[in-house]
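Comments concern the structure below.
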Amino acid sequence: MKDFIRDFAVCPICQKEFSFDKVASTSIKVSSYDLDLKPEYRDINVSLYSLVTCPHCYFTFQEKDKDYIYEYLNSQNIEEVKQFLNNINKLSLPEVDNSSSKSHEFYAIQLMIAANIYAILGLPSEVVKILVKFAWYYREQNEEEKELGILYYCGKIIEKNYETFSEEDYIFSLFYLGYINYRLNNRKEAARLFDYLLKNYNNPANPYLKAAKFLRGELK
Ligand SMILES: [Zn+2]
């Protein structure tokens, strides 16, 4: 069985087609989860392949959004995205790599570009998901200060926008806000957020509510 499948996308900004490698579902193996449900992958770091970048213009999006990304674009934000891509193109970015041998360094650049693009598209809940992966990236590199910096910034975006999120993203984001406060040693605020979630939502199948319950116990 092959670990990677070659797929294709058409860039919604420059209309050019390009290929990327994605992990075959049979090769996604999780050995454990951190307290914030960051998966610890056994063989292949699946997160690395969750973002794809157009090799012609650097437009970067989440692979899961491949078939929907057009729907988020309109004549106004396309211009803003183009402006942003023009500006970063002037920085000396490394060559685009969507292959199975993608480097960690290029993945970090993809995270930075994607977070900016989804912010331009007015999708703060997706910006949060990308920043969480950025924090995971620094955790894997053992760069705690940078990880906490990203988490702090992510918390600010959640505080500003969570009331507009869908219920699924609302629970995910409030759990994360609790986790961020836990990591930043604001134990009282973390406990308050977990209590709020556990009091208002009762879905034993939701992994974030389970994780909130566990972390709430740690705060006693
Ligand atoms: Zn493009």
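Derivation of every value follows stated rules applied to the coordinates shown; laboratory data play no part. Not measured: the values here are computed from a predicted model. Because the Cβ atoms are built from the backbone with ideal geometry, glycine has one as well, and the counts that use them run over all protein chains shown.
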Positive-end residue, the chain charge dipole about Cα centroid, Cβ charges, pick of Gly178, Ala108, Phe20: Gly178
statement: Here P(r) for the chain, Cα-Cα distances in 10 Å bins, as whole percents, is 7, 30, 35, 21, 6, 0
- request: Select from segment 1-93 those chymotrypsin sites (Phe, Trp or Tyr not before Pro) which occupy a DSSP coil region and have at most 15 other Cβ atoms within 10 Å, ordered by residue number.
  value: Tyr68
query: Residue by residue through segment 189-200, which ³J(HN,Hα) values in whole Hz follow from phi under the Karplus form 6.51 cos²θ - 1.76 cosθ + 1.60 (θ = phi - 60°), with glycine and proline marked x?
result: 5, 4, 4, 4, 5, 5, 4, 4, 4, 6, 6, 9
Sparsely packed GluC sites (Glu not before Pro) within segment 137-189, loop by DSSP, other Cβ within 10 Å at most 16: Glu143
- request: Name the aspartates and glutamates eligible as straight-distance cross-link partners of Lys156: C-alpha to C-alpha under 18 Å, and not fewer than 8 places from it in the same chain.
  value: Asp36, Glu126, Glu145, Glu147, Asp169, Glu189
message: To the nearest 20 Debye, how big is the dipole of segment 1-85 about its Cα centre, given +1 on the beta carbon of each Lys and Arg and -1 on that of each Asp and Glu?
response: 240
message: Just to check I understand the Karplus step: with θ = phi - 60° and J = 6.51 cos²θ - 1.76 cosθ + 1.60, what whole-Hz values come out for segment 46-56, glycine and proline as x?
response: 4, 3, 4, 9, 7, 10, 10, 10, 5, x, 8
query: If one computes the Cα centroid of segment 150-187 and of segment 1-54, what distance in Å separates the two points?
result: 25
query: Once phi is turned into ³J(HN,Hα) by the Karplus curve 6.51 cos²θ - 1.76 cosθ + 1.60 with θ = phi - 60°, what whole-Hz value does each residue of segment 114-123 show in order, with x for glycine and proline?
result: 4, 4, 5, 5, 5, 5, 5, 6, x, 10
task: Mind listing the long-range amide H neighbours of Leu51? Cut-off is under 5 Å, sequence gap 5 or more, other chains count too, H placed in the peptide plane at 1.01 Å from N.
output: Glu63
- prompt: In segment 80-174, which trypsin sites (Lys or Arg not before Pro) are in a loop and have at most 11 other Cβ atoms within 10 Å, using DSSP for the loop call?
  reply: Lys90
message: Run the reach check for Lys82 against lysines, Cα to Cα strictly under 19 Å, same-chain hits fewer than 8 apart removed. What comes back?
response: Lys16, Lys66, Lys90
- line: Counting sequence-distant residues (5 or more places) and residues on other chains, those with an amide H built under 5 Å from that of Phe4 are Ala24
- prompt: Hey, what angle do you get for helix 75-89 against the long axis of the chain, alpha-carbon based, 0 to 90 degrees rounded to 10?
  reply: 80
